Amino acid sequence: MSLDDRLRLAWAGLHPDRRARLVSESGSAGAAVARLVAGAGSEAARRAVEVDPDRRRAQLDRLGVALVARGRAGYPAWLAQLPDGPDLLFCRGTLPAGPAVAVVGTRAATRYGRSLARTMGAGLARRGYVVVSGLARGIDGAAHRGVVDAGGVGVAVLGSGPDVWYPAEHRSLGEQLIGAGGAVVTEYPPGTPPEPWRFPPRNRIISGLAAVVVIVEARVEGGALITARRALDQGREVFAVPGDVDRVSSEGCNRLIRDGALPVLGADDLLEAVDLVLPAPVAPPPTSGSDRPLLEILGDTGQTLDDLAERMALPIGEVTAAVARLEVAGRVRIEGGWVTATG
């Protein structure tokens with residue numbers, strides 16, 4: 001299929017299901033665009049006609065967004081297995097080659113749920129697993145923060161364009177994931193707003209990138225349960241954290257467990273279960289030459305993270321990831337926000 005026509009369809013703003021049906025019924029992306037244009041008068045037809053593929057590619061370059069097309073190099077193999085996998089991905093950062101672990105849950109999470117998700121994200125990252133979530137408030141954001149805490153690799157899947165941060169306060173979190181070697185990815189082109197209908201299709205990408213999906217807290221009606229159903233349809237393993245039977249935020253997890261999901265009782269329990277499903281991850285890399293300036297700045301007395309970032313003239317996210325990597329390697333210790341070398 002012509003990449004130009006696929007770009008036109010991406011910017012037409014169609015629901016992913018409608019776009020897939022249109023291409024299937026038309027036979028190709030080019031025929032689908034022609035069919036849209038023939039139905040003159042629709043907003044989607046107008047947007048498709050107005051797309052200049054070369055200008056859109058230049059826009060992606062300016063934004064630092066890579067275009068990853070199904071059927072071409074760089075497209076995640078686990079997504080390629082899915083009949084409804086996205087045709088195009090707009091990616092900032094680096095997508096992992098292998099399967100990952102998704103940690104998701106409700107936006108209206110309890111303090112306990114957020115703490116557990118953060119601990120799980122950090123534990124998985126320290127073990128070397130890639131962690132996928134949705135960058136949303138609540139459980140998703142907490143899992144991503146755990147990954148950043150541990151200096152691990154995480155992928156955030158957005159329900160908006162790659163240049164539209166939602167929620168806005170999680171922009172720094174997303175940039176830290178990118179800076180640590182992870183990615184922020186979406187099937188929606190730049191400028192796409194985070195409209196409610198865009199999030200349910202997004203969930204198939206979260207589960208599609210993962211071999212295991214962990215639901216920490218979930219209401220019966222919510223995005224986390226949609227992700228769980230998608231995961232089961234895709235043949236992924238689904239784990240769930242049990243909770244109080246009368247707590248709304250635990251009802252979805254408890255029902256998943258009743259219907260066959262594996263219960264996990266904490267971060268250590270999760271790691272044991274994941275180790276049975278996925279091949280052993282690659283060990284954390286040893287301290288590299290690029291870490292020596294950081295260790296030299298620490299000296300014998302240590303520094304705060306902010307002071308390190310200022311002295312190294314680097315974004316705080318990159319410094320945090322480097323410090324976390326050194327902590328895993330046993331080269332530094334973090335206490336009360338103060339970083340010291342261990343010797």
Where residues in region 66-78 are open to solvent by less than 50 Å² (accessible area, probe 1.4 Å) and assigned to a loop (DSSP other than H, G, I, E, B), which of them is nearest to residue 90 (Cα to Cα)? 75
Residue in region 289-343 that is modelled with the highest pLDDT, counting only those that are assigned to a loop (DSSP other than H, G, I, E, B) and among the hydroxyl-bearing types (Ser, Thr, Tyr): 301
Just wondering, is there one or more residues in region 43-56 that are among the basic types (Lys, Arg) and modelled with pLDDT of 85 or more? yes
Within region 14-65, which residues are open to solvent by less than 70 Å² (accessible area, probe 1.4 Å), over 30 Å from residue 94 (Cα atoms) and part of a loop (DSSP other than H, G, I, E, B)? 27, 39, 42
If a residue has to be in contact with a helix residue (DSSP H, G or I) (Cβ under 7 Å, 6 or more places away or on another chain) and among the aliphatic types (A, V, I, L, M) to count, how many in region 231-273 make the cut? 11
Residue count, region 218-235 (criterion: among the charged types (D, E, K, R) and touching a residue at least 60 places away in the same chain (Cβ under 8 Å)): 1
Which of (1) at pLDDT 95 or above; (2) in a helix (DSSP H, G or I); (3) over 20 Å from residue 176 (Cβ atoms) does residue 89 not meet, given it meets every other one? (2)
Name the single residue, out of those in region 145-200 being assigned to a helix (DSSP H, G or I) and aromatic (Phe, Trp, Tyr), that is farthest from the chain's Cα centre (by Cα). 197
What number of residues within region 88-113 are crowded, with 21+ Cβ neighbours inside 10 Å and either more than 17 Å from the chain's Cα centre (by Cα) or free of Cβ contacts under 8 Å to residues at least 24 places away in the same chain (or both)? 2
Scan region 247-259 and tell me whether some residue there is acidic (Asp, Glu), in a helix (DSSP H, G or I) and within 22 Å of residue 157 (Cβ to Cβ). no
Which residues, counting only those in region 291-307, are closer than 13 Å to residue 332 by Cα and of a type outside the set (Val, Ile, Thr)? 291, 292, 294, 295, 296, 298, 299, 300, 302, 303, 305
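The values are calculated or read from the model by the stated rules, or taken from the named source; none is laboratory data. Note that the structure is a prediction, hence the values are computed from the model and not measured. All Cβ positions, glycine included, derive from the backbone under ideal geometry; neighbour counts span all protein chains shown. Surface areas here come from the heavy atoms of the whole protein model, side chains and all, with no ligands, DNA or RNA. Shrake-Rupley method; radii C 1.70, N 1.55, O 1.52, S 1.80 Å.
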